[in-house]
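Down below is the structure, laid out as structure tokens.
The values are calculated or read from the model by the stated rules, or taken from the named source; none is laboratory data. Bear in mind that the values here come from a model prediction, so they are computed numbers and not experimental data. Don't worry about glycine lacking a Cβ; one is built from the backbone with ideal geometry, like all the others, and counts go over all protein chains shown.
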Amino acid sequence: MKHLLTAAALSACLASPPAARAQATAPPPDLVPRDVVMAILRSAGSQVQGDPAIFLADRLPDNLLNKVSLPPGAHVMATLESWSTTDVIGTIPMQPDSVRSWFAAEFVRRGYEAQDSPGHREPFRPAQGSVFGGFCGAGTYFTVSAQGRPNGRTEFVIRTRERPTCDQTPMFGFNAGGSSWSTSGFNAPALPLLVNPKTAEIAQRCDPRGGASGSTNTQIGVSTTATPDQLIAHYGKQLDSAGWKREALTTGVVGTWIRRDSTGRDVRVQLTALTSPAGGDCRWLTMTSASARP
């Protein structure tokens, strides 16, 4: 049997003080379990429009039964329906990359058309054929996101929107990720366009600028015969003395590439990949380009 709740009822459940809930002799039979509520809040966020209906049933909703399958071992926790959208929230004992890869293969198997990722024209771009970029078929636009949880399981969300045609019309409101870039100086060189792995997901929760996290950067030019390694050693001693602890090289990788552009300038690109201080599956990517006049 399905239980139907509105967002207002969900909010009322969360608003009750813990002490008051503890005094209750028994929760109502249709009370949303706390782990399901938290999954909804983590997964839905601003993606859900209006006042969604929330169904609790360990199965796909009727409107998706013949359009998508679930991986073996998957467990549906809740379905959110609002306007022409449906979100299915579930868990499975698989790694997030494996979940995204399984659904991509599922959509290809059904003959759905891979879409360009909506609204993403940044230097780091989702790969075509990834579930983050989305697939279109059977009158529906599909995306899938996945997040690892401490219990060894992965929470996934199948997000769908009714879409009569697959004409690559820009669609917004799905999987908005954090990415930005800026330039400085005169005639700054453009950044090369890089495509993310097919199993990667641009996730707001991994954005180093989001939530309580933040970053600051600065850049100067100095005249010295010291090599870069010597400069790092010089500044490193000061950081060591100030109580900073140098991380092992395995926490991040830095690479540089150089190419001469059409104006004769040597353009150097630096790419940095760091494991988020929060751990988990979040990675922070930084790319900078710099040039000198020919």
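In table form, for the structure just shown:
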item: Residue check, G243 loosely packed, with under 10 Cβ neighbours inside 10 Å and within 27 Å of the chain's Cα centre (by Cα); result: no
item: Residue satisfying condition, being β-branched (V, I, T) and modelled with pLDDT under 70, within set T216, T199; result: T216
item: Single residue of segment 166-175 satisfying the filter (farther than 19 Å from R109 by Cα and surrounded by fewer than 23 Cβ atoms within 10 Å (Cβ to Cβ)) that is modelled with the highest pLDDT; result: D167
item: Subset of segment 26-78 [at pLDDT 90 or above and acidic (D, E)]; result: D58, D62
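So that you can scan it fast, the table gives a plain yes or no per residue for (1) in contact (Cβ under 8 Å) with a residue 12 or more places away in the chain; (2) within 17 Å of A200 (Cα to Cα):
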| site | (1), (2) |
| --- | --- |
| A104 | yes, yes |
| Y112 | yes, no |
| F124 | yes, yes |
| G129 | yes, yes |
| F135 | yes, yes |
| Y141 | yes, no |
| A146 | yes, yes |
| P150 | no, no |
